[in-house]
Every structure is written in C-alpha cells, then in structure tokens.
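The values are calculated or read from the model by the stated rules, or taken from the named source; none is laboratory data. All values reported here derive from a predicted model rather than from experimental measurement. All Cβ positions, even for glycine, are placed from backbone atoms using ideal geometry, and neighbour counts span all protein chains on display. The accessibility values were calculated without ligands, DNA or RNA, using every heavy atom of the protein model including side chains. Shrake-Rupley method; radii C 1.70, N 1.55, O 1.52, S 1.80 Å.
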Amino acid sequence: MSADQILDHILSVDHLSMRFGGIVAVNDLSFGAERRKITALIGPNGAGKTTVFNCITGFYKPTSGSMRLAHDDGHNIQLERLNDFRISKQAKVARTFQNIRLFPGMTALENLMVAQHNALMRASGLTLLGLIGAPSWRVAEKAAIDLARTWLERIDLLDRADDAAGNLPYGDQRRLEIARAMCTEPALLCLDEPAAGLNARESASLSELLLSIRANQGTSILLIEHDMSVVMEISDHVVVMDYGVKIAEGTPQHVRDDPRVIAAYLGADEEEAIAVMESGT
Amino acid sequence: MQTSRAPGVAFIFKKALISALVALVLFSLMIGVRTEAGSDGQLTYWTRFGDLAMMVATVFGGSIVVELLRQWWGPVGTVRVVPPQVTSALSFAGRLVAPVLLIFTFLVPVIFYNERYILDLGILVLTYVMLGWGLNVVVGLAGLLDLGYVAFYAVGAYSYALLATNFGLSFWICLPLAGILAAFWGVLLGFPVLRLRGDYLAIVTLAFGEIIRLVLLNWQSLTGGPNGVTGIPRPTMFGIPLSPGDDGLAAKLGIEFSPTHRIVFLFYLILALALLTNWVTIRLRRLPIGRAWEALREDEVACRALGINTTTTKLTAFATGAMFGGLAGAFFATRQGFISPESFTFHESALVLAIVVLGGMGSQLGVALAALAMIGGFELFRGLDQYRMLVFGMAMVLLMIWRPRGLIGHRAPTVFLERNQAISSDLVKEGHG
C-alpha cells in the first residue's frame with residue numbers, strides 16, 4: 001500500500017475479519033489512523049464499527065487480519081497478539097465505552113487515580129513501599145493527584161472532584177470517562193460514540209476537548225460517532241463502514257459527497273445504490 | 001414522611017390478608033390437624049383450630065406491624081425527612097463510635113479482670129472481628145463472594161499446631177508462617193476460580209472449604225483425623241512462658257501467679273492482631289492495589305480497559321484475605337490448645353460472611369460492630385434456650401429490612417481534594433464475583 005508509506009499511520013488495520021459463528025461482522029477491513037490526527041469511523045447501525053473497536057482494544061480476538069500500532073519511538077506492536085489489559089498497559093491504547101463505564105461508587109478523583117494504576121503500582125514498589133509510606137511513594141502519589149487535578153480542571157469538573165461519579169450528570173460522566181482514559185497516558189485514544197446523548201452545547205464542548213487533546217497531548221484519536229456535526233467539525237479523516245466492509249474513506253468533505261455513503265445512510269437497496277454509484281462516477 | 005411511593009391502608013390490609021391466607025394454607029395441616037398412631041396402630045387425629053386461628057391472626061397482625069415499620073423507618077422514599085440538626089448530631093456521634101469502642105476494648109481486661117467469662121467472650125468477639133476484617137478484603141473490597149473462608153482459618157490453625165508439635169517451633173515463628181501458608185492456599189484457590197463470577201464463585205469456594213475440612217478429617221497420619229491435634233503449646237511472651245514455674249513471667253516480675261495473666265495476654269494478642277489487620281486494610285485501600293480491588297468490584301470490564309491486570313488483582317485480594325484468616329487460625333490453635341476438623345465447618349464461614357454483610361460490605365467499623373452484635377448478641381440470648389436461634393434470625397431479618405446494605409452502608413472515599421464526603425450505598429456496587 002503506497003499510501004501507507006507516505007502517511008504516518010499510528011494504527012494500520014490490515015484485512016481485519018471478525019466472524020461470530022456464521023455471521024460476518026467485519027469483512028476484510030483495511031484502514032489507517034494517522035499520528036496526531038483524529039480519525040472517525042462512521043456507518044449506519046450494525047455496520048460493525050464497535051466490533052472493530054473491540055478487536056483493536058483487545059476485547060475480541062479477530063478471526064483474521066492484523067493490526068499494527070507504530071509508537072512514536074519507532075517500535076511496532078501487533079495488537080492481535082496482545083489481549084485483555086495488555087492492550088492498554090503495553091500498547092498504550094485507551095478506550096471509552098458506548099454505554100458509560102465509570103466506577104459509579106468511587107469519586108471522580110478516585111476514577112482518575114484508578115486509571116493511573118500501572119504507574120502507581122511501580123511507584124509503590126508493588127505495594128510494599130506504599131505500605132511503609134516511603135517518601136518516593138508519597139511523591140508519586142502527589143504527582144498522580146496533580147495529574148488527576150489537571151484533567152478535572154480541563155473537563156471543568158474540579159469542583160465536583162469529591163462527588164461520586166455515579167452522581168454526575170450524563171454529559172459530565174462522558175467527559176470524565178475521556179479524562180480517565182487520558183490518565184493512562186495513551187498513544188491512541190479510542191472513543192465509542194462520545195457524543196451520544198449529549199445536547200448541542202455539550203457536543204460543542206466535547207469537540208473542543210478532543211481538539212485540545214490532539215493539540216496539547218499529541219494523542220492520536222480514533223472515534224466512532226453518529227453525530228455528524230461532531231464528525232465533520234473535528235475529523236481529519238473519515239472511514240465509512242457498512243455491512244462490515246469499508247465503503248469509502250477520505251476527508252470529511254469528500255466522504256459527505258460520496259454517493260455510496262449517501263446510499264448507505266439513506267438505506268437504499270443494492271440496485272438503487274449501484275444506480276446511484278454509477279450516476280455519481 | 002408520606003412519599004408518593006408509600007402505600008396506603010388498603011395496600012397494607014391486602015398484603016396482610018395475603019400473608020394470612022398463605023399462613024392458613026401452610027399451617028392448616030401442620031398445626032390444624034395432629035395425627036398420631038393409636039394403641040392398635042390405627043391412625044388417630046384431632047383438630048387444633050384454636051391454635052391455627054391464633055397463628056393466622058399473629059401472621060396477619062405481624063404483617064401489618066412490619067409494613068408500618070417499613071414505612072416509618074425503611075428506605076421507602078428517595079429522600080429521608082430527618083431534621084438537619086439530628087443528622088449532624090448523629091454524624092458527630094458516629095465519628096466518636098470508633099475511638100470510644102477502641103478505648104473501651106483496651107480497658108476491658110482492666111475493668112473485667114475478675115470475670116473470666118467476659119474476658120473469654122471478648123477474645124471470641126475479637127477473633128471474629130479479625131476474621132470479618134480479613135474476609136472484608138475479599139468480599140467487601142474486591143466484591144468476590146467467598147463461602148469457604150474457614151478453609152484459610154483451618155490452614156492457619158493446623159500450620160501452627162503441626163509446626164509447633166512436630167518441630168517445636170515457637171508461636172512467634174509459626175505466626176508469620178501460618179499467614180504465608182494460608183496466603184499460598186488463597187492463591188491456589190484463586191487460580192481455578194478466576195473466571196467464575198457470582199453464584200458459581202460462591203459454590204466453588206464453598207466446595208473448597210469442605211475439601212480442606214475433609215482432607216484434615218481423613219489424612220490421619222498427618223492431622224490425626226477426627227481426633228485432632230492435642231497439646232499445642234501455649235504462646236509465650238517472646239520466649240517467657242506464662243506459667244507458675246520459676247522461669248515464668250509472674251516469677252520474673254515478682255508478682256503472684258494467676259491463670260488470668262494468660263487470658264489477659266491472649267486478649268491483648270488478638271487485639272493486636274486484629275488492629276494489625278485493620279491497619280493494613282486501611283492502608284491498602286489507599287494504595288493502588290486497594291483502589292484496583294474496589295474498581296474491580298465496580299466494573300471489571302472498565303478495569304481491563306484501563307490496563308489493570310484483573311488476574312493478579314483478584315489473586316492478591318484472595319491472598320491478603322487468606323493471610324489474615326491464617327493468622328487468626330494460628331491464634332485460635334494456641335488459645336484452644338486443641339484443634340480438630342469440627343471447629344472448621346461451613347457454619348464458621350457462614351458466620352463470618354454474615355458479619356461482613358451485616359456490617360456493611362467494605363466498612364471496617366461496621367464489621368467490628370456486626371461481630372460484636374453477632375457473637376455478643378448470641379451469648380446475650382443464651383437464656384432463651386431453644387428460641388435463641390429464632391430470636392437471632394428475626395433480629396437479622398429486621399435489620400436487613402431497615403438497613404439492606406448493612407449497619408454502615410456508605411463508602412468512604414480513599415482520596416479527596418476538598419471534601420471527605422461519604423458515598424451513598426445506592427451508588428456502590430456489591431460486585432458480582
């Protein structure tokens with residue numbers, strides 16, 4: 001793939017397929033996500049977007065295909081060889097969930113502290129240094145609280161830091177989940193429908209947050225989204241899926257005018273779609 | 001406090017009528033008719049409709065009373081209408097409970113020096129406080145339902161008993177060994193049950209507890225089988241025995257020997273062990289491992305997405321809980337001087353689990369109060385003979401109606417920026433294994 005060599009892809013998905021019994025959820029999908037860019041994965045309901053996400057973040061083991069993550073320092077990681085928590089710990093891929101999965105009985109601050117588990121585990125000498133209250137542990141703990149405080153400030157929740165996460169309004173929970181994912185200091189941030197259920201004002205502040213993450217942290221972002229205003233506003237690159245295959249990709253403007261995408265979204269049947277395609281090309 | 005959800009008079013009567021009807025059907029044969037074999041072997045029977053009517057009336061009345069109590073005190077509405085002064089006074093009193101209780105516990109041997117019964121009861125209560133705190137790590141913090149906790153208690157007790165009787169090792173060397181061995185068995189149990197959740201986890205841990213007991217019962221050459229292990233050495237105060245001899249503690253201090261010395265020593269020993277358990281648990285909660293346990297209880301999938309190794313997190317919870325169980329077991333062995341598999345039945349596991357659930361899962365103070373209520377209360381009802389269990393069961397049912405999340409249901413955060421405010425029990429998950 002020549003495009004692959006020119007563009008600097010942090011994530012390259014190659015011929016990814018995922019079958020559940022006889023159902024093909026994702027069929028021979030290939031796409032890339034550029035470094036320090038926002039890539040959107042869109043498509044009608046049931047197109048297989050979340051399945052792709054679950055493959056990338058280690059919740060599913062793909063039937064075939066490869067997913068390569070190229071870190072800034074040059075070392076590559078094949079994501080399909082890692083599983084479970086190692087995707088986040090070693091490959092530095094963080095994710096959020098379509099239906100928010102915060103720790104509702106823990107405070108907003110505690111949620112962000114749990115996210116720094118691996119770094120804090122090392123600092124606490126696998127608990128032993130922490131148990132005796134070693135100075136090095138206290139320094140690390142304070143740094144972790146400061147990082148959490150910074151993120152709470154950025155998502156405008158500093159005054160609710162000590163409230164239970166389950167008590168926060170829906171929009172705040174969405175932003176807190178993103179902040180929690182960012183506290184793992186990821187190279188690639190995967191967001192599953194971050195704007196779902198948000199009103200226009202909350203969507204706008206979400207877009208702002210994502211753009212500032214890209215600008216300040218340099219984190220690459222891959223997101224699934226149905227809210228087209230968010231997708232069009234912040235995406236650098238859009239990949240469109242339908243029935244488990246990629247039907248189009250390109251800049252937001254390019255994708256918006258693509259007849260196949262329009263056909264897929266309008267729910268036209270195959271003949272009509274072909275007719276639309278032919279008339280378009 | 002009439003909320004929209006509070007049912008009216010008609011509802012209460014309907015419920016009472018249904019309860020009475022069920023009671024009538026159930027008791028009509030059990031109480032209403034009494035059968036006996038006659039002198040020639042023929043069936044004779046007579047009716048006791050008076051008793052039956054009384055029983056049904058009791059159920060009818062009781063149902064109304066329970067329903068009324070639920071409306072007044074129970075969690076019916078979302079907002080409890082309690083004056084703010086009362087709330088603040090209660091929370092002030094609540095903060096004093098733990099220190100007052102601790103000071104009182106320290107003074108128990110001084111106040112009740114001559115009452116052997118109270119001292120023995122105090123040791124028993126403290127043993128269960130320690131077991132409760134140990135199990136609290138597994139059930140309360142990590143949310144893993146463990147019905148076989150007594151297995152670790154047994155491992156600790158037999159570790160000390162066998163090491164001391166066979167190799168002559170002292171209590172203070174055996175104590176950490178017993179803890180380590182129990183933790184090892186905790187990890188061993190942890191491995192096969194890692195993938196199990198909820199009910200399945202409970203069943204497997206229950207079976208594990210029984211397996212340990214059966215091994216102890218049948219491995220005659222090592223454990224002595226049902227005869228148990230006898231002649232377990234009494235603990236020494238760091239090498240100085242608490243005996244009437246010339247090298248005993250009393251002789252060295254130049255005071256008159258009294259068997260109470262040993263009881264007082266045991267009291268402070270288990271108090272120290274329990275406080276150690278408490279201190280370590282409180283400390284661990286504020287460390288990443290403790291937060292990971294609680295996060296695991298809240299949402300395991302989210303934990304994995306954050307890069308937390310759920311396998312090792314669960315195993316450390318099992319191992320930590322088991323270690324405290326093992327330490328308590330070693331204490332039990334040295335206190336009794338004799339142990340047999342009979343001391344480690346499922347009943348013990350259930351009792352410790354009841355203490356944790358009753359106390360409010362995750363709450364250290366709640367577990368201590370529940371242990372006091374369960375063990376102390378059980379002794380209190382001794383005068384009621386065969387009705388003891390009944391009264392006790394009823395007390396537990398009532399408590400669960402009024403405080404479904406235990407005596408102390410709310411959760412204290414492990415870290416805070418400005419305000420250290422408790423988290424309501426409605427938000428805190430119980431965990432699903």
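Anything in the stretch B:202-230 that is open to solvent by less than 60 Å² (accessible area, probe 1.4 Å) and part of a loop (DSSP other than H, G, I, E, B)? List them, or say none.
So the first thing to find is which residues in the stretch B:202-230 are open to solvent by less than 60 Å² (accessible area, probe 1.4 Å), and the list is B:202, B:204-210, B:212-213, B:216-217, B:223-225, B:228-229.
Scanning the stretch B:202-230 gives B:224, B:228.
Please indicate, with yes or no, whether at least one residue in the stretch A:134-144 is acidic (Asp, Glu), within 24 Å of the chain's Cα centre (by Cα), in a helix (DSSP H, G or I) and crowded, with 18+ Cβ neighbours inside 10 Å. Can you show your working first?
So the first thing to find is which residues in the stretch A:134-144 are acidic (Asp, Glu), and the list is A:141.
Within this subset, residues satisfying the condition of being within 24 Å of the chain's Cα centre (by Cα) are none.
No, the stretch A:134-144 contains no residue that is acidic (Asp, Glu), within 24 Å of the chain's Cα centre (by Cα), in a helix (DSSP H, G or I) and crowded, with 18+ Cβ neighbours inside 10 Å.
Examine the stretch B:401-417 for a residue that is in contact (Cβ under 8 Å) with a residue 24 or more places away in the chain and of a type in the set (S, T, N, Q), and state whether such a residue exists.
For the stretch B:401-417, residues in contact (Cβ under 8 Å) with a residue 24 or more places away in the chain and of a type in the set (S, T, N, Q): present.
Scanning the stretch B:404-425 for residues that are open to solvent by 90 Å² or more (accessible area, probe 1.4 Å) and touching a helix residue (DSSP H, G or I) at 6+ places or on another chain (Cβ under 9 Å), which turns out nearest to residue B:137 (Cα to Cα)? Lay out the reasoning, then the answer.
So in the stretch B:404-425, the residues open to solvent by 90 Å² or more (accessible area, probe 1.4 Å) come out as B:410, B:416, B:418-420.
Narrowing the set further to residues that are touching a helix residue (DSSP H, G or I) at 6+ places or on another chain (Cβ under 9 Å) leaves B:416, B:418.
Values: B:416: 21, B:418: 27 Å.
The extreme case among them is B:416.
Name the single residue that is surrounded by the most Cβ atoms within 10 Å (Cβ to Cβ) among those in the stretch B:296-307 being more than 7 Å from chain A (Cβ to nearest Cβ) and among the charged types (D, E, K, R).
My answer is B:297.
Collect the residues in the stretch A:77-89 that are over 18 Å from residue A:51 (Cα atoms) and within 8 Å of another protein chain (Cβ to nearest Cβ), keeping them in residue-number order. Steps first, please.
At the first step, the residues of the stretch A:77-89 found to be over 18 Å from residue A:51 (Cα atoms) are A:77, A:86, A:89.
The answer is A:86, A:89.
Which count do you get for residues in the stretch B:177-201 that are closer than 19 Å to residue B:337 by Cα, in contact (Cβ under 8 Å) with a residue 40 or more places away in the chain and open to solvent by 50 Å² or more (accessible area, probe 1.4 Å)? Lay out the reasoning, then the answer.
The first filter runs over the stretch B:177-201 and keeps only residues closer than 19 Å to residue B:337 by Cα, leaving B:177-179.
Still in the list and also in contact (Cβ under 8 Å) with a residue 40 or more places away in the chain: B:178-179.
Pick out the ones that are also open to solvent by 50 Å² or more (accessible area, probe 1.4 Å) and you get none.
Total meeting the criteria: 0.
Residue B:72 fails exactly one of the following numbered conditions: (1) under 19 Å from residue B:397 (Cα atoms); (2) at pLDDT 80 or above. What is the number of that condition?
Of the numbered conditions (1) under 19 Å from residue B:397 (Cα atoms); (2) at pLDDT 80 or above, the odd one out for residue B:72 is (2).
Which one of the conditions (1) part of a loop (DSSP other than H, G, I, E, B); (2) buried (at least 20 other Cβ atoms within 10 Å of the Cβ) does residue A:197 fail to meet, given that it meets all the rest?
(2)
Please give the number of the condition residue B:159 fails out of (1) assigned to a helix (DSSP H, G or I); (2) open to solvent by 50 Å² or more (accessible area, probe 1.4 Å); (3) touching a Leu at 6+ places or on another chain (Cβ under 8 Å).
It fails just one condition, (2).
Scan B:431, B:376, B:366 and give me the residue that is touching a helix residue (DSSP H, G or I) at 6+ places or on another chain (Cβ under 7 Å) and either among the β-branched types (Val, Ile, Thr) or on the phi > 0 side of the Ramachandran plot (or both).
Result of the check over B:431, B:376, B:366: B:431.
In the stretch A:165-178, is there at least one residue being touching a Cys at 6+ places or on another chain (Cβ under 9 Å), assigned to a helix (DSSP H, G or I) and closer than 20 Å to residue A:116 by Cβ? I'd like the intermediate steps shown before the answer.
Quick first cut of the stretch A:165-178, residues touching a Cys at 6+ places or on another chain (Cβ under 9 Å) only: none.
Within the stretch A:165-178 (the criterion being touching a Cys at 6+ places or on another chain (Cβ under 9 Å), assigned to a helix (DSSP H, G or I) and closer than 20 Å to residue A:116 by Cβ), the answer is no, since none of the residues qualifies.
Condition (residue is more than 7 Å from chain A (Cβ to nearest Cβ), closer than 25 Å to residue B:412 by Cβ and among the aromatic types (Phe, Trp, Tyr)) applied to the stretch B:272-295: is it met by at least one residue?
yes
Taking the stretch B:246-257 only, how many residues are surrounded by 11 or more Cβ atoms within 10 Å (Cβ to Cβ) and in a loop (DSSP other than H, G, I, E, B)?
2
Any chance you could count how many residues in the stretch B:140-156 are assigned to a helix (DSSP H, G or I), closer than 24 Å to residue B:341 by Cβ and under 15 Å from the mean Cα position of the chain (by Cα)?
Selection size over the stretch B:140-156: 4.
Is it true that residue A:121 is surrounded by 17 or more Cβ atoms within 10 Å (Cβ to Cβ) and touching a strand residue (DSSP E or B) at 6+ places or on another chain (Cβ under 9 Å)?
When the stated conditions are applied, residue A:121 does not pass them.
Tell me, which strands (runs of 3 or more DSSP E) lie completely within the stretch A:1-115 with 2 or more residues that are among the polar types (S, T, N, Q) and surrounded by 15 or more Cβ atoms within 10 Å (Cβ to Cβ)?
Counting at least 2 such residues, we get A:9-20, A:23-34.
Given the criterion touching a residue at least 24 places away in the same chain (Cβ under 8 Å), more than 21 Å from residue A:189 (Cβ to Cβ) and assigned by TED's automatic domain parsing to the domain that holds residue A:14, identify the matching residue among A:57, A:39, A:50, A:63.
After applying the criteria, what remains is A:63.
Could you tell me how many of the residues in the stretch A:212-226 are in contact (Cβ under 8 Å) with a residue 60 or more places away in the chain and either within 19 Å of residue A:153 (Cα to Cα) or part of a loop (DSSP other than H, G, I, E, B) (or both)?
Count: 5.
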